[in-house]
1. Looking at residue 135 and the list (1) surrounded by fewer than 16 Cβ atoms within 10 Å (Cβ to Cβ); (2) within 17 Å of residue 11 (Cβ to Cβ); (3) at pLDDT 75 or above; (4) in contact with a strand residue (DSSP E or B) (Cβ under 7 Å, 6 or more places away or on another chain), which single condition is not satisfied?
2. Which residues, counting only those in the range 96-114, are assigned to a strand (DSSP E or B) and modelled with pLDDT of 85 or more?
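The values are calculated or read from the model by the stated rules, or taken from the named source; none is laboratory data. As the structure is a computational prediction, the values presented were derived from the model and not from experiment. Backbone-built Cβ (ideal geometry, glycine too); neighbour counts: all protein chains shown.
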């Protein structure tokens, strides 16, 4: 069964290059659409205290930086990407919503090697396991760039 739409969930750290590379390889192999999502943290609960910083400006700055970083990663892979999403808020909810919107049949995410597998999976990906009609591929991320 070939995949038609592949969604890659990125945290945007230096270890994720192999994650995107694997996603590109699978998308090419299956001639599937490749969609990328990075969920920006919800900053509404962050106490800014006496800092004279506009929360909207900070959100926009983070979104621009994340978008730029994703575009650099895509450029290095030399592959067309169907969509890039940068929602704010809860990771599980945003990814589940993106799976539905993009009609993804494969979700790819990474796991850091220094964290125990089940600890990481349950901490970040429990909500990914029960997405109907979507397979989950978890790729080990090493310290090497």
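1. (2)
2. Hits for the range 96-114 are 106, 107, 108, 109.
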